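Inspection log for the structure reproduced underneath, given as structure tokens.
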Amino acid sequence: MIPSAIHQAATLLSEAFRKEQWLEVLPKNMRPQSREDGYAVQRALVPMLGRVGGWKGGVSSETDEGMFSPVPASRVILSPGRLAFEIFNRPALEGEIGVILAHDLPMREKPYSEKEISEAVASIHPVIEIIDSRFTNPDELDEGHRIADLLLTGALIVGPAAPTWTRPAIKAPAVSVSVDGKGVRSVPQGGNFVSPLLVVSRLASHCARHGIQLKGGQIIATGNRSSPIVPMEANHKAVVRLGGIGEVSVRF
């Protein structure tokens, strides 16, 4: 994509964020054609939304490089969270493990080991990720559009730090979601699980490739132990519990 198209696409997405005016599709000359196009639009969009408050990411296996997005500070809140339903398009939520680093990770070519990441972690947290899109048809978006759309970031709600956690590995906790006090979804302990420490390592490498400083003190939602996605409606409260880590809640 040429620079003018990248800027124009980012401007349309930033206006959708601010004005809650959802897009059917980007104009043809502004559509990302690849993962790198998506990241180019993402990098142009983020400064338009203010400072970065955190990151979200996902790594599907130990050989996957993952996909990542910054999260605007205005969309990172502490539990118990309260969100205005009208600022979202089609919000849904899932539970994740969040990591906060004690200090910045210097950019370098060599990937960080999980041991190095473990030593840099200040705390882990239960996190609710609000999934949302600036497009009316998010299920039909290709990879480039999803990356440009901040990987469908709606918000992150951050629960209290876990009192203890296992170094260097974080075991796969059970996850449960309740809405208005009624259990609606659950994931048992164990099963397929990519270490959050590996996710942070991949994020550090991603940031280094793009000349971005990964800062301490920011929440990183690692995409792990995601409970089945739960659509949300106005005037409801959701609570997510991660076994051995804690609970986090949000009300719309």
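Taking each residue of segment 50-66 that is at pLDDT 95 or above and looking for partners that are in a loop (DSSP other than H, G, I, E, B) with beta-carbon atoms closer than 8 Å, six or more apart or interchain, yields 52/215; 52/218; 53/218; 54/218; 55/218; 56/223. Here segment 67-88 is the region considered, the condition is being surrounded by 14 or more Cβ atoms within 10 Å (Cβ to Cβ) and aromatic (Phe, Trp, Tyr), and the residue that is farthest from the chain's Cα centre (by Cα) is 88.
Show the residue pairs meeting these rules: Cβ distance below 6 Å; 6+ apart or different chains; first residue within segment 138-152 and closer than 13 Å to residue 58 by Cα and free of Cβ contacts under 8 Å to residues at least 24 places away in the same chain; second residue not in a helix (DSSP H, G or I) and not aliphatic (A, V, I, L, M). Listed by first residue and then by second, the contacts come to 152/133.
Residue 180 falls short on exactly one of the conditions (1) exposed (fewer than 13 other Cβ atoms within 10 Å of the Cβ); (2) more than 24 Å from residue 235 (Cβ to Cβ), and that condition is (2). Looking at segment 68-87, which of its residues are touching a helix residue (DSSP H, G or I) at 6+ places or on another chain (Cβ under 6 Å) and either over 22 Å from residue 252 (Cα atoms) or among the basic types (Lys, Arg) (or both)? Residues satisfying the conditions are 68, 69, 70. Going by what's in this entry, would residue 120 be described as of a type in the set (A, V, I, L, M), more than 15 Å from residue 246 (Cα to Cα), in contact with a His (Cβ under 8 Å, 6 or more places away or on another chain) and touching a residue at least 12 places away in the same chain (Cβ under 8 Å)? It is true that residue 120 is of a type in the set (A, V, I, L, M), more than 15 Å from residue 246 (Cα to Cα), in contact with a His (Cβ under 8 Å, 6 or more places away or on another chain) and touching a residue at least 12 places away in the same chain (Cβ under 8 Å).
Annotation: residue 48 fulfils all but one of (1) buried (at least 19 other Cβ atoms within 10 Å of the Cβ); (2) touching a Leu at 6+ places or on another chain (Cβ under 9 Å); (3) not in a loop (DSSP other than H, G, I, E, B); the unmet one is (1). Note on segment 1-29: among residues that are aliphatic (A, V, I, L, M) and in a loop (DSSP other than H, G, I, E, B), the one that is surrounded by the fewest Cβ atoms within 10 Å (Cβ to Cβ) is 2.
On inspection, residue 42 fails the criterion of being polar (S, T, N, Q) and over 29 Å from residue 216 (Cα atoms). Count of segment 134-157 residues, restricted to those that are crowded, with 22+ Cβ neighbours inside 10 Å, over 16 Å from residue 68 (Cβ atoms) and over 9 Å from the mean Cα position of the chain (by Cα), is 3. Which one of these is closer than 19 Å to residue 145 by Cβ, touching a residue at least 60 places away in the same chain (Cβ under 8 Å) and among the small types (Gly, Ala, Ser): 92, 102? Only one candidate passes the filter, namely 92.
Okay, residues lined up against (1) in contact with a strand residue (DSSP E or B) (Cβ under 9 Å, 6 or more places away or on another chain); (2) β-branched (Val, Ile, Thr); (3) closer than 19 Å to residue 130 by Cα:
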{"residue": "5", "(1), (2), (3)": "no, no, no"}
{"residue": "19", "(1), (2), (3)": "no, no, yes"}
{"residue": "26", "(1), (2), (3)": "yes, no, no"}
{"residue": "29", "(1), (2), (3)": "no, no, no"}
{"residue": "32", "(1), (2), (3)": "no, no, no"}
{"residue": "42", "(1), (2), (3)": "yes, no, yes"}
{"residue": "63", "(1), (2), (3)": "no, yes, no"}
{"residue": "72", "(1), (2), (3)": "yes, no, yes"}
{"residue": "83", "(1), (2), (3)": "yes, no, yes"}
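The values are calculated or read from the model by the stated rules, or taken from the named source; none is laboratory data. It should be emphasised that the depicted structure is a prediction, and the values quoted were computed from it without experimental measurement. With ideal geometry, Cβ positions are generated from the backbone for all residues, glycine too; neighbour counts draw on all protein chains shown.
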